[in-house]
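Below is one structure; the comments refer to it alone.
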Amino acid sequence: MQSIRHITVLVNPAAASNQGKRGWAKLFGRFNALFSSYDYKVIEATGREETIESAATLNTDLIIAVGGDGTAHDIAQGLMQRPKSERPALTVLPIGSGNDYAKSLGFSLDPRHALDELSVARRTVVDIGRCNGIFFLETLSFGVDAAVAFRTEELRKTSKSRGILLYASAALPTIINDLRPHEFHITIDSKTEIEKSLLICAVQLGPTYGGGFRIAPNAKMDDGLFDICFATEMNKPQALYYLSLIARGKHEGKPHISTLKARTITFDFDDELPTQFDGERLRGTRFEVECVPQALEVFVPRTSNNAVWTDSMREKDNAHEKSRV
């Protein structure tokens, strides 16, 4: 990892249903072997406020988030308080329940393999989202899928399932018991206006949410645009069918599904509905959402197939690889 001298490892002990500390302990020996040439320190964050404060103030070149999407989300809040020229780079060692952001960056979801990938990672830049002044890295969703995310959080406390299996276990009873549309009005890039009855809406920087559901299979993390997916009113059997399509990223172009790209989008809902970003709850009836282009430097595996990068970014990567030969 060229140009990196000092590394800060921010460990979330509460990640993966309080397994974060134990997971990091199993990895530390390997981490020390791979990163002993760097000046590094490990911080066990006791809560969200400490995580944000550390990311906002630490004198470091790279922050490694040891946890899941929530951990990376909190670190992003701190990083974005700093001028861009003074922001440390970010990367993720996935020891969470969903790990969608780590997956979008291209890391293995096996933490030990991800650690090996990180030791030879490359630097790139990605976009970040902002909703009502709060930043998000991967996803912002409304309606049924947000309600599923909340039920997933509850199931984590009692279930050994993780990732897409856990999300599916939460989705089935939510669709059966809580399927209802919400009326909304949106303004896209300050000009296009749409009113419809909304069942699901996901605003994506990366392709997945819910531990691997491919809600935006063509999303690029560095194109300065959100990929947005709407699902309008449908019955319960249809919703279950579409859930299976979304899991595989095969839903686009189907009836009841609309997709678009946008830089800014404003949502106005008639009433408060379930809302989440990066797995965290958000409340309100009006949401002003903006994509901030190439705001964060991140480290990603050199072995990544670059599926979430634009052609321009792939050309930069190829040029960099040639310069190393």
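The values are calculated or read from the model by the stated rules, or taken from the named source; none is laboratory data. No experiment lies behind these values; they were computed from the predicted model shown. Glycine gets a Cβ as well: all are built from the backbone with ideal geometry, and neighbour counts include every protein chain shown.
Key figures for this structure:
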{"read-out": "Condition met for Thr46 (touching a helix residue (DSSP H, G or I) at 6+ places or on another chain (Cβ under 9 Å) and among the polar types (S, T, N, Q))", "value": "no"}
{"read-out": "Residue pairs meeting the criteria (Cβ under 6 Å; at least 6 apart or on separate chains; first surrounded by 14 or more Cβ atoms within 10 Å (Cβ to Cβ), in the stretch 246-261; second of a type in the set (A, V, I, L, M, F, W, C) and part of a helix (DSSP H, G or I))", "value": "His251/Leu245"}
{"read-out": "Those residues of the stretch 202-229 which are among the hydrophobic types (A, V, I, L, M, F, W, C) and modelled with pLDDT of 90 or more, in sequence order", "value": "Ala202, Val203, Leu205, Ile215, Ala216, Ala219, Met221, Leu225, Phe226, Ile228, Cys229"}
{"read-out": "Boolean, Leu199 is at pLDDT below 75 and closer than 23 Å to Arg214 by Cβ", "value": "no"}
{"read-out": "Selection count where residues are assigned to a helix (DSSP H, G or I) and more than 21 Å from the chain's Cα centre (by Cα), scope the stretch 165-197", "value": "7"}
{"read-out": "Test for Arg30: is it farther than 17 Å from Asp278 by Cα, part of a helix (DSSP H, G or I) and free of Cβ contacts under 8 Å to residues at least 12 places away in the same chain", "value": "no"}
{"read-out": "Tally of residues being in a helix (DSSP H, G or I) and surrounded by 24 or more Cβ atoms within 10 Å (Cβ to Cβ) across the stretch 88-103", "value": "3"}
{"read-out": "Test: residue in the stretch 230-244 that is β-branched (Val, Ile, Thr) and surrounded by 18 or more Cβ atoms within 10 Å (Cβ to Cβ)", "value": "no"}
{"read-out": "Selection within the stretch 207-245 - in contact (Cβ under 8 Å) with a residue 60 or more places away in the chain and of a type in the set (Phe, Trp, Tyr)", "value": "Tyr209, Phe226"}
{"read-out": "Selection status of Asp74, farther than 23 Å from Pro207 by Cβ, among the acidic types (Asp, Glu) and modelled with pLDDT of 95 or more", "value": "no"}
{"read-out": "Residue within the stretch 35-49 that is free of Cβ contacts under 8 Å to residues at least 40 places away in the same chain, crowded, with 21+ Cβ neighbours inside 10 Å and touching a strand residue (DSSP E or B) at 6+ places or on another chain (Cβ under 9 Å) present", "value": "yes"}
{"read-out": "Any hit, the stretch 120-141, residues being without any contact (Cβ under 8 Å) to a residue 40 or more places away in the chain and within 19 Å of Gly78 (Cα to Cα)", "value": "yes"}
{"read-out": "Subset of the stretch 92-135 [over 24 Å from Glu44 (Cβ atoms) and of a type in the set (A, V, I, L, M, F, W, C)]", "value": "Val120, Val125, Val126, Ile128, Cys131, Ile134"}
{"read-out": "Set Ala219, Ala202: member being hydrophobic (A, V, I, L, M, F, W, C) and under 21 Å from Val92 (Cα atoms)", "value": "Ala219"}
{"read-out": "Meets criteria (of a type in the set (Ser, Thr, Tyr), touching a residue at least 12 places away in the same chain (Cβ under 8 Å) and surrounded by fewer than 18 Cβ atoms within 10 Å (Cβ to Cβ)) for Thr8", "value": "no"}
{"read-out": "Residue, nearest to the chain's Cα centre (by Cα), within the stretch 268-286, restricted to residues that are under 21 Å from Thr208 (Cβ atoms) and either surrounded by 13 or more Cβ atoms within 10 Å (Cβ to Cβ) or modelled with pLDDT of 95 or more (or both)", "value": "Asp278"}
{"read-out": "Residue in the stretch 190-200 that is in contact with a Phe, Trp or Tyr (Cβ under 6 Å, 6 or more places away or on another chain) and under 18 Å from Lys250 (Cβ atoms) present", "value": "no"}
